[in-house]
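The values are calculated or read from the model by the stated rules, or taken from the named source; none is laboratory data. Because the structure is predicted, anything quoted here is derived from the model rather than measured. Here the Cβ positions follow ideal geometry from the backbone for every residue, glycine too, while neighbour counts run over all protein chains shown.
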């Protein structure tokens, strides 16, 4: 089994961004809205803040109590939408139950939506109109492209549980020439025989279920590239969707968890911050 070094890919992207920012006349700014006390969310924001600071991006955190009224969050987004010194906005997910995720995202100015998941920006991407590459799918594509494989007519499968991610990811792979199918993993602990056959026939597998070990190596074909975008905690350890216990001597390429999609996602996010600042 070969692993893809996401940290190395991210470091290369961040170094290029640092050079680019050093020649800009303005300091790019990113506003992060963080609601609640979820430890993982706070850790993710800390990682983003550290990377941003190292390359010359100002990250401004707007932290709210878990029980905050939606009107206060809405007012903050409205302020950031109209603030000329704020180039980009991201809402850290998940949100507390009283805040509807789609409603909150739709409140953002699409021209400041750095994650690329505002409905207007989704439509632009799916219609191949010029706009930012949505961050999470961009990170996954960056990992795949690091292997320098021609995806023309290759079989790909996207395994996920979010319509937004699934549509964008499938479209991104199709744009690279792959023939892509989708498998939903909502409320699943294992796949059906038919779904396993689809996975077994795939040259490219992208999974983002958040179900530990749902994808076993015995259904993955040799020479397949597997991008593991799932994150779960098991006995205090961060694990992905792929059960690597049977992968040891297989000719399979897998992104690790942690150290795969995560650092590259942060780098792609900051790439978008710079693009929005330039616009």
Search segment 77-103 for residues being surrounded by 17 or more Cβ atoms within 10 Å (Cβ to Cβ) and over 22 Å from residue 270 (Cβ atoms), and hand back the single one that is nearest to the chain's Cα centre (by Cα).
-> 95
Any chance residue 72 is surrounded by fewer than 16 Cβ atoms within 10 Å (Cβ to Cβ) and either assigned by TED's automatic domain parsing to the domain that holds residue 252 or within 14 Å of the chain's Cα centre (by Cα) (or both) = no
Pick from segment 183-218, criterion touching a helix residue (DSSP H, G or I) at 6+ places or on another chain (Cβ under 6 Å) and modelled with pLDDT under 95, ranking: nearest to residue 147 (Cα to Cα) | 217
Look through segment 258-279, keep the residues that are in contact with a strand residue (DSSP E or B) (Cβ under 6 Å, 6 or more places away or on another chain) and outside any loop (DSSP other than H, G, I, E, B), and return whichever of them is farthest from residue 44 (Cα to Cα).
-> 276
Give segment 16-50 a look and list any residue that's over 24 Å from residue 233 (Cα atoms), surrounded by fewer than 18 Cβ atoms within 10 Å (Cβ to Cβ) and in contact (Cβ under 8 Å) with a residue 24 or more places away in the chain, or say none.
-> 18, 20, 22, 24, 26, 27
Among 80, 59, 17, which is in a helix (DSSP H, G or I) and in contact with a helix residue (DSSP H, G or I) (Cβ under 6 Å, 6 or more places away or on another chain)?
-> 17
Give the number of residues within segment 221-232 that are farther than 19 Å from residue 151 by Cα and touching a residue at least 24 places away in the same chain (Cβ under 8 Å).
-> 3
Matching entry among 99, 43 (being more than 16 Å from residue 273 (Cβ to Cβ) and in contact with a helix residue (DSSP H, G or I) (Cβ under 6 Å, 6 or more places away or on another chain)) = 99
Residue 255 touching a strand residue (DSSP E or B) at 6+ places or on another chain (Cβ under 6 Å) and surrounded by fewer than 22 Cβ atoms within 10 Å (Cβ to Cβ) = no
If we ask which residues in segment 175-196 are in contact with a strand residue (DSSP E or B) (Cβ under 6 Å, 6 or more places away or on another chain), closer than 14 Å to residue 155 by Cα and in a loop (DSSP other than H, G, I, E, B), their number turns out to be 1
Could we say that residue 107 is touching a residue at least 24 places away in the same chain (Cβ under 8 Å), more than 14 Å from residue 33 (Cβ to Cβ), in contact with a helix residue (DSSP H, G or I) (Cβ under 9 Å, 6 or more places away or on another chain) and surrounded by fewer than 22 Cβ atoms within 10 Å (Cβ to Cβ) here?
-> no
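Can you name the residue in segment 122-147 that is part of a helix (DSSP H, G or I) and free of Cβ contacts under 8 Å to residues at least 60 places away in the same chain and is also surrounded by the most Cβ atoms within 10 Å (Cβ to Cβ) among such residues?
Let us first name the residues in segment 122-147 that are part of a helix (DSSP H, G or I), namely 122-126, 135-145.
Now drop any that are not free of Cβ contacts under 8 Å to residues at least 60 places away in the same chain, which leaves 122-126, 137, 141, 145.
Numbers: 122: 21, 123: 12, 124: 16, 125: 22, 126: 13, 137: 28, 141: 21, 145: 12.
Filtering segment 122-147 for residues that are part of a helix (DSSP H, G or I) and free of Cβ contacts under 8 Å to residues at least 60 places away in the same chain, the one surrounded by the most Cβ atoms within 10 Å (Cβ to Cβ) comes out as 137.
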Would you check which residues across segment 213-242 are part of a strand (DSSP E or B) and surrounded by 17 or more Cβ atoms within 10 Å (Cβ to Cβ) and list them?
-> 215, 216, 225, 226, 227, 228, 239, 242
